[in-house]
Structures are given as structure tokens and as C-alpha cells.
Amino acid sequence: MSAPFDLNDDSVVVIVGSGAGGGTLGTELALKGIKVVILEAGQRHNMEDFINNEWDSFAQLAWTDMRTTSGSWRVHKNFPNLPAWIVKAVGGSSVHWAGASLRLQEHEFKTHSTYGGLEGANLLDWPITLKDLEPWYAKAEDRMGVTRTNGIPGLPGNNNFKVFEAGAKKIGYKEVSTGRMAINSEPRADRGSCQQIGFCFQGCKSGAKWSTLIAEIPRGEATGNLEVRPQSMVQKIEHDASGKATGVVYVDKDGKTQRQKARIVAVAGNSIESPRLLLNSASNMFPDGLANSSGQVGRNYMRHMTGSVYAVFDKPVHMYRGTTMAGIVRDEAGFDTKRGFVGGYEMETLSLGLPFMAAFLDPGGWGRSFTSAMDGYVNMAGLWIVGEDMPQETNRVTLNTGVKDQYGLPVADVHFDDHANDVAMRSHAYKQGTAMYEAVGAVRAMPTPPYPSTHNLGTNRMSEKPRDGVVNKHGQTHDIPNLFVSDGSQFTTGGAENPTLTIVALALRQADFIAGEMSKKTI
Amino acid sequence: MPTLIDRRGPSRRAVLGGIGAAGALMVSGAAVLNPREAWGLEVSALKPETMRTLIVMARDIYPHDRVPDRFYAIAVKPYEAAAAKDPATKTLIEEGVVTLDTLAKAKHGTAYADLGWEDQRVAVVKQIEGGAFFEKVRSGLVVGLYNQEEVWPIFGYEGSSADKGGYIDRGFNDLAWL
Ligand SMILES: Cc1cc2nc3c(=O)[nH]c(=O)nc-3n(C[C@H](O)[C@H](O)[C@H](O)COP(=O)(O)OP(=O)(O)OC[C@H]3O[C@@H](n4cnc5c(N)ncnc54)[C@H](O)[C@@H]3O)c2cc1C
Ligand code: SF4
């Protein structure tokens, strides 16, 4: 069904990346009758090929091209070449994701005004408000089949949730549920309901979980307007003498360099690759990289304040059975500086299988303290903390010219230091998570450090004024009108919520904008 | 145990270096044997004593009393092939083991693997913690030990589930003790 477009067809919209942002944008444009080529660095897998084994699945799906790290974050020490745990495959990280789908809160679009100046934090208000985004949130929720919206029932709670819920209620939390999940609790949109397989991160084999791979791209392809080219790694965006983008150079599946012309280019390679691509596209006219007149490309890298609490009980939990992340406490998500920090956080159920638990419980740890915890695996419950981290100019994706990838291009270096606010929030969350579990009899609680980043945000941020950021409120770069950013790197600030619903809502909104501008012939 | 030589009892009398940690692990010819668990592991690139020490060290790093030696042996067995292929790896490992033994002998007059108490051995391992040899062995174990499917049931992890229909009818919410 896919529509092969000519390399010289300069009427197409070229999208780099097929994940939550790019896959949604491409499909939505195709549904509107616009011709789209999505270039995706990774392979295309079928749902049936996903593997119920953490390391094998990691080898199948994860982005393992070379990257480097720096800064004081522990990831730099324990996983120096794996700053992020994200996907290189058609569908992007929406293949890995757990499905938690939350709207940002009103004040989270206005952090500069709400939190005030905070030393070291490069806070800025979004150029849009919650109200502006509400219609697209609604559309995204419907499209993704988010539970507890559109009359869709919540998912049933698994064992991990039962412990989580009981603990949360015991210490007085009120907003506890199996959350809003883009996982079918009943058959919907030609996809069946959750079979409680428990390998949501490994690409759902039942199709209950929304991903661009199974729920968007096939719809787009069916229109005849969308072509997805897997194993196509974009190296550079090109422009003409007037500074307009003209197309991209990529390496195809056979290792051949190709040039795809374009009317519009949209970058959606996730927050590490997107700025890298803009920086690697530097030219005489744009010596600091494309769309970088503000100098903000790659800066303000955010990864959410995260951490986990695992707790061992004296009886079995089998936390790994069933939906990985269907469980949330929202009581700490609001803005309340009495806790000693700005911003808020969510607590969500989480489990890892034994192999990943060994790798992530206490990276580098060994000896009886570590192994006795592992011995308690079957009696373990777990939660993940996700909160707003502060954008900092020095937290940054840069080109590491000393290290080249398999194509000979400088790799991305990801530099990260926690802000004092992140640290204060994390210790509060560790305390609360521990209290929840101790309230229902945990014999041992383990505050577990952040994993390689799953939420990567902010490196091409939206701003009202061109000098403060990279893109405007439609994700259109301030500098180049036919160059867009369509992924989480647009986020001005991160909010406390898992980002993907917002990424999808922004992509749907951007599709309307692009279609409108195309028909007005302004781009 | 596909990756080990399965010997139902050693055919020859094995030479045992002592009665320490190595416990049932003995060296015979070019092999490390564990008669109790009925397996043997032949080596050629590495010295058999080295392989035996690696197995002991693996357990000292990630001690699980319910996990039999053979899983530790499977976890460190790849160093034999790595040493055969790469002289630098071979040197790193052989020299690492010599260091462990030197440190152990200086303090206790006994090779590392023959020290009787885990605490004594761990104190020796602590002295090389963070070094290249230690890190290689430790980080290799994270996957080499915990990613063995046969180990999972010991920890109560059930592994792959889609092929069994998920947990929808297999206890995803069977917890009743709360
Ligand atoms: C384990 C895990 C669990 C998660 N759970 C949740 C959750 O419950 N809720 C939530 O909201 N979010 C969750 N996330 C985050 C979510 O997956 C991301 O926010 C989202 O997928 C990001 O969308 P994106 O479009 O920015 O990038 P991606 O979805 O990562 O897509 C980027 C794509 O671009 C491709 N690409 C990159 N560079 C190039 C190039 N130069 N040329 C061609 N292609 C390129 C990549 O291969 C990739 O396929 C989770 C993530 C992980 C890893
Ligand atoms: S638990 Fe549900 S969503 Fe997760 S992998 Fe299984 S069927 Fe898919």
C-alpha cells in the first residue's frame, strides 16, 4: 500500500523519524491528502517478532549507535555510552513505551511566571497554554484510545498495583488509580484488549498498546500518501541560497547515500538525534547549525526527575505480571513549594524483569547487600517517579567531534547535571514512595537511581521570541519557515507528566498548521 | 547445562587445592570439575586454576546461596573463548587472578579461592574493586548470570509470557495477602 515517491519529488513533506512525533505527524498529513516520506534510521519489525526477553528485545529495538556522556549524573558513570534508553526502529520509542498518557497541567505551561526566577534554571513560559492545546489533547486521547477518557474504562489493577494502591491509600493519598493508559482495556480501533503479558516495554505482542508502528503508520500508508523508508539514516538537511530547506541527505539500507528533495522538512528523531542533525547540518550560511541563531539548539536538555523505589515484602507479589505501568498516584503532581521545591511529580507502578533488575537496581553494586535484594525479587513491588526537572542551558547535547559513528559523523554527547531542585524533589519522592510501601509491610525499600533516559526533552525548545528558543508555537523553526521540529525536543519545559500524549497532541496540531500553510502557499 | 561438559562424576581422582571456598570445585588436568553437581569444564586458553578462581570470584561478587555453581561457571565460561581470541584479555584475566592470590597469600598465606570464609575473600576482592579486571568480571556477570533462563525460576521470575497467553488467566492479580 505504501506509496513510493521519487527522490526528486520536491513536493513531499520529509519527516525524519517515525516515532511518537514523526509517525503521528506523517500519518495525519497523509490522511489530509498530503504526500509524505518518513525516513527512519531503524528497521521495521512486525508485532509478532517482538521478543519477550529483555536483553534480546533491547538488541532488537534499542538505539545503540555510539553516543557519549558527560556531567555529574550517575548514568555517565554506569552507562557512559547509553545516555538514553530509546528505540531505533519504525515506531520509534512508541514501541518501547509503557502507555501512560497524561495532559500537562495549566501552570506547567507557565513555569517562568509561576515558579519565578530560579537560579541556574533557564525557565521560560511556553508560547501556548493548556487551553490552546486542549482540543488536540482530546483528539490525541481519542486516537490513542486512552483509558479513562472517551468513556473507555480503566485497566484492571495487577499485583504490583494492589500493593501500590494499598500503600498509597494508607498514607493518605487520594488520587490513586490504574491511570490513563494508551492500552486497550477493551477492544477498540481494530486492536484487542490487554492480555496482561507484562512486556509492554518490549513491544506489545498483542497490539493492545498504541504505537505509531501499529496504530498510525498503517493508516497513513493505506491512503497512498505515506511512504516509510526504514534503515534510512538522515545525515544532513540541505538548504538553498535563500536559506530554505530543500531536502535531506541520507544513507539507505544498502549503505548508499541518497538525496530526498522536499517541500518541507520535519525533524522528529527524539531529543538527542534531532539537535544532533541540526548541528551536523551546519553550512556556510548557518555555521552554528540549522535553526540555531538563538544558540539554543541542543541546550536545556531535560530527562525528567526520575528514580524508582523497589520494596521487598515477606510474601510474593509477582510484580512483573501484567501491564507494566498501569498505576499512578497524582497527589504530589501539583505546585506546592512547602515541600521545598518547585514543580511536582507522579508516582507510577513499574516492574523490571530479573535481567533488567540486575542491571538497574544498583548499577555497579555487588555483594550480599545487592544479592539479598535480588533474592527478594518475587516478593518485590516497584514504582517509578517522574517529575519536572529544571531546564538548564548547560545540560546539553553537543557534537563530539572526537568520536564518529558508523557513517563518520560526529556523535552526540549528552551532558547532564541535576539541578538542586531536581535533587530536593527526588529525595522527597524517595521518602514518599518508601513510606507507601512501609505502610503495607515492606521489610526493605530501595531507592533506585535513574535509568538511562527514557524521556528526552527540550533540546529545540518552543519560544515566543526567536532569541529564547528554536521553534515557535507550531514547532516551526524561527529561522527557516519550511523546517519543523515535531518531537519532544520542542518542549519548553517538561512538566511532571510522561510526555508522549503531549508530543502526539503537538504533532496533530502541527499537522493542521502545516496543511493550512501549504494551502495558503506560505511554505 | 548445554555449555558445560556433563560428566556424571569425575572419572579420575581430582586434585583439590584445599578445602576452602572452592568447595566442590576441583581442578583435574585441564578441567575444572564439580562432582557434586556432576559437571566439568575444560579449558585451554586459560589455566584451569584460573577458571576455578573465576567461578569462586563470580559467586563472591553475586552470592546467591540457592544458585548452584554451574550457573556461575556458565557465566564466566565466555572468558575462555575471549582469552583464546584476544591475548590482552588473557593477560588481564591471568594477571587479575595472580593479583587476587598474591593479596590473599600476603594476608592469609592461602590462595584466594581456598580461603574458607566469604568475608575473607570479599575483603580481598574489595582491594581490586574498580580495577579493569574486577569491572570486566563484574559487569560481564550482570548479563552472564542473571540472563540465564534456567536461573530465573530460582528467583521466581517466569520469563516469556506472550506464548502462554499473558497473565490474564494466570494470576496477574492473584495477590490476596493485603
Ligand atoms: C521504556 C520506555 C517507557 C516509556 N514509557 C512512557 C510512558 O508510559 N508514557 C509516556 O508518555 N512516554 C513514555 N516513554 C517515552 C516515549 O517513548 C517518548 O516520549 C516518545 O516515544 C518520544 O517520541 P519522539 O517522536 O520524540 O521520539 P521516538 O519515538 O524516539 O522516535 C524517534 C525516531 O527517530 C529515528 N531517528 C533518529 N535520528 C534519525 C535520523 N537521523 N534519521 C532517521 N531516523 C532517525 C529513531 O530511530 C526513532 O525511531 C517511554 C520510553 C521508554 C524508552
Ligand atoms: S500487558 Fe497489555 S499492553 Fe503490556 S504487553 Fe501485555 S498486552 Fe500489551
Testing A:Tyr115 on (1) surrounded by 20 or more Cβ atoms within 10 Å (Cβ to Cβ); (2) more than 14 Å from every other protein chain (Cβ to nearest Cβ); (3) within 16 Å of ligand 1 (Cβ to nearest atom), one condition comes back false. Which one is that? (3)
Selected residue (only one of A:Tyr437, A:Tyr377, A:Tyr451 is surrounded by 21 or more Cβ atoms within 10 Å (Cβ to Cβ), within 17 Å of the chain's Cα centre (by Cα) and of a type outside the set (Asp, Glu)): A:Tyr451
A:Ala3 assigned to a loop (DSSP other than H, G, I, E, B) and within 30 Å of A:Gly402 (Cα to Cα): no
Only one of these is within 16 Å of ligand 2 (Cβ to nearest atom), out of contact with any helix residue (DSSP H, G or I) (no Cβ under 6 Å at 6 or more places or on another chain) and not aromatic (Phe, Trp, Tyr): A:Ser242, A:Ser283, A:Ser206. Name it. A:Ser206
Of these, A:Gly458, A:Gly469, which one is within 16 Å of the chain's Cα centre (by Cα), among the small types (Gly, Ala, Ser), closer than 14 Å to A:Asn300 by Cβ and open to solvent by less than 40 Å² (accessible area, probe 1.4 Å)? A:Gly458
Of all the residues that make up the range A:39-48, how many are in contact (Cβ under 8 Å) with a residue 24 or more places away in the chain and over 18 Å from the mean Cα position of the chain (by Cα)? 6
Answer yes or no as to whether B:Ala104 is more than 14 Å from chain A (Cβ to nearest Cβ) and open to solvent by 60 Å² or more (accessible area, probe 1.4 Å). no
Considering each of A:Asn270, A:Asn300, A:Asn284 in turn, give the residue that is without any contact (Cβ under 8 Å) to a residue 24 or more places away in the chain and either more than 14 Å from chain B (Cβ to nearest Cβ) or touching a Lys or Arg at 6+ places or on another chain (Cβ under 6 Å) (or both). A:Asn284
Before we move on, is A:Lys236 touching a helix residue (DSSP H, G or I) at 6+ places or on another chain (Cβ under 7 Å), more than 16 Å from ligand 2 (Cβ to nearest atom) and either over 20 Å from A:Asn482 (Cβ atoms) or modelled with pLDDT of 95 or more (or both)? yes
Residue among A:Gln231, A:Gln202 that is within 11 Å of ligand 1 (Cβ to nearest atom) and either within 22 Å of A:Arg321 (Cβ to Cβ) or within 13 Å of chain B (Cβ to nearest Cβ) (or both): A:Gln202
Those residues of the range A:357-374 which are assigned to a helix (DSSP H, G or I), more than 9 Å from chain B (Cβ to nearest Cβ) and crowded, with 19+ Cβ neighbours inside 10 Å amount to A:Phe360, A:Ala373
Within the range B:159-173, the residues that are more than 7 Å from chain A (Cβ to nearest Cβ), in a loop (DSSP other than H, G, I, E, B) and exposed (fewer than 15 other Cβ atoms within 10 Å of the Cβ) are B:Asp169
Determine if the range A:190-197 includes at least one residue that is within 10 Å of ligand 1 (Cβ to nearest atom) and more than 14 Å from chain B (Cβ to nearest Cβ). no
Pick from B:Arg59, B:Arg52: which is assigned to a helix (DSSP H, G or I) and within 14 Å of another protein chain (Cβ to nearest Cβ)? B:Arg59
Confirm whether B:Phe155 is within 14 Å of chain A (Cβ to nearest Cβ) and under 30 Å from A:Glu165 (Cβ atoms). yes
Candidate set from the range B:128-152 (those that are among the aliphatic types (A, V, I, L, M) and over 26 Å from A:Asn158 (Cα atoms)); member that is farthest from the other protein chains (Cβ to nearest Cβ): B:Ala132
Does at least one position in the range A:196-215 carry a residue that is farther than 19 Å from A:Trp97 by Cα, among the aromatic types (Phe, Trp, Tyr), part of a helix (DSSP H, G or I) and at pLDDT 95 or above? no
Anything in the range A:157-185 that is more than 13 Å from ligand 2 (Cβ to nearest atom), open to solvent by less than 30 Å² (accessible area, probe 1.4 Å) and part of a loop (DSSP other than H, G, I, E, B)? List them, or say none. A:Tyr173
Inside the range A:76-106, the number of residues satisfying the requirement of being more than 7 Å from ligand 1 (Cβ to nearest atom) and open to solvent by 10 Å² or more (accessible area, probe 1.4 Å) is 10
Could you please find all residues in the range A:269-305 being touching a strand residue (DSSP E or B) at 6+ places or on another chain (Cβ under 9 Å), of a type outside the set (Gly, Ala, Ser), surrounded by 24 or more Cβ atoms within 10 Å (Cβ to Cβ) and part of a loop (DSSP other than H, G, I, E, B)? A:Leu290, A:Val297, A:Arg299, A:Asn300, A:Tyr301, A:Arg303, A:His304
Within the range A:34-66, the count of residues that are within 14 Å of ligand 1 (Cβ to nearest atom), in a helix (DSSP H, G or I), under 25 Å from A:Glu221 (Cα atoms) and not hydrophobic (A, V, I, L, M, F, W, C) comes to 1
Just name the residue that is farthest from A:Ser271 (Cα to Cα) out of those in the range A:404-429 that are aliphatic (A, V, I, L, M) and outside any helix (DSSP H, G or I). A:Leu409
Out of B:Asp174, B:Asp86, which single residue is within 16 Å of ligand 2 (Cβ to nearest atom), at negative phi and either modelled with pLDDT under 95 or of a type in the set (Asp, Glu) (or both)? B:Asp174
Among the residues of the range A:465-490, what is the count of those that are part of a loop (DSSP other than H, G, I, E, B) and farther than 18 Å from A:Gly23 by Cβ? 11
Please specify each residue of the range A:74-109 satisfying the condition of being free of Cβ contacts under 8 Å to residues at least 60 places away in the same chain, farther than 20 Å from A:Ser489 by Cβ and either of a type outside the set (Asp, Glu) or within 16 Å of ligand 2 (Cβ to nearest atom) (or both). A:Pro80, A:Asn81
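The values are calculated or read from the model by the stated rules, or taken from the named source; none is laboratory data. Source: prediction; values computed, not measured. We place every Cβ from the backbone using ideal geometry, glycine too, and count neighbours over all the protein chains shown. Side chains are part of the model used for accessible areas, which takes the heavy atoms of the whole protein and leaves out ligands, DNA and RNA. Shrake-Rupley method; radii C 1.70, N 1.55, O 1.52, S 1.80 Å.
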